[in-house]
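A short reminder: the numbers here are calculations on the coordinates, not readings from a lab. Computed from a predicted structure; not experimentally measured. In this analysis, Cβ positions are derived from the backbone assuming ideal geometry, glycine residues included, and neighbour counts consider all displayed protein chains.
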Amino acid sequence: MAVRINPSILTADFANLEHELGRIASADLVHVDVMDNHFVPNLTFGQRMVESLQRVTPLPLDVHLMIDDPDRWAPGYAEAGAFSVTFHAEAAADPVPLARRLRSIGARAGIAVKPGTAIEPYLELLPEFDQVLVMTVEPGFGGQSFIESVMPKLGLLRDAASRSGLDTWLQVDGGINEQTIITAAEAGANTFVAGSSVFNAADPAAQIESLRAAAATHLH
């Protein structure tokens, strides 16, 4: 099973994003946090920024929508060329039709859950999603501490995916570093969002390889 390292540009230098993207050229995808200051108390990028990023990076974009009404807005990000579009279970009115719409446009469809949201209602819906994002911090700001108590969700997801023969990407986002990535990999994650630990490193490329190696040796 492959390990994917997706650096989050939330902690990058926004004034020099093209340069920052060059520093993470060895990553698997670029994680783009879209926040609307409604679903979460922070405001970041919109669709035009995603379109601009698409033009300056060869890496696929892993867009994480922390926004209200994704049923309305998420398809636009798929149309803008995002490789993967993840919306929040807590915000979507009809997750399955939305996921199908994203797939029909050509993007991978992902669903995300906050730390306090139960995963059980979504286990039987796994075939509808290409990725499930288990938040390991409260969504909204970078640099938070890893919440280890959400790890059992990954075990449930991994077991459900295995029983159904699905190659679902199980992603974690928040507080990922050389230690916490091992905990998440052992719990069942295979796709890891890392922000501060990559962009604050003296050598982001070396840090990406270090994280990848740590996860690969502990992958469940």
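Amide H contacts under 5 Å for residue 220: 188, restricted to partners 5 or more places along the chain or on a different chain, H placed in the peptide plane at 1.01 Å from N. The alpha carbon centroids of segment 20-97 and segment 173-209 are separated by 20 Å. Taking the helices alone, the chain has a mean residue ellipticity at 222 nm of -10500 deg cm²/dmol, built from -39,500 (n - 2.57) per DSSP H run of at least 4 residues and averaged over all its residues.
The mean sequence distance of close C-alpha pairs (under 8 Å, at least 6 residues apart), as a share of the length of segment 4-216, puts its relative contact order at 20 percent.
Rounded to the nearest 20, the Cβ-based charge dipole of the chain about its Cα centre (Lys and Arg +1, Asp and Glu -1) stands at 340 debye. Identify, among 45, 141, 127, the residue whose Cα sits farthest towards the positive end of the charge dipole of segment 4-216, taking +1 on the Cβ of Lys and Arg and -1 on the Cβ of Asp and Glu, with the dipole about the Cα centre. Projecting each Cα onto the dipole axis, the largest value belongs to 127.
Dividing the alpha-carbon radius of gyration of the chain by the rule-of-thumb value 2.2 N^0.38 Å gives 0.92.
Largest mean-square fluctuation among 173, 71, 13, in a Gaussian network model of the chain whose springs join Cα atoms under 10 Å apart, belongs to 13. As a length-normalised measure over Cα pairs under 8 Å and 6 or more apart, the relative contact order of segment 143-220 settles at 33 percent.
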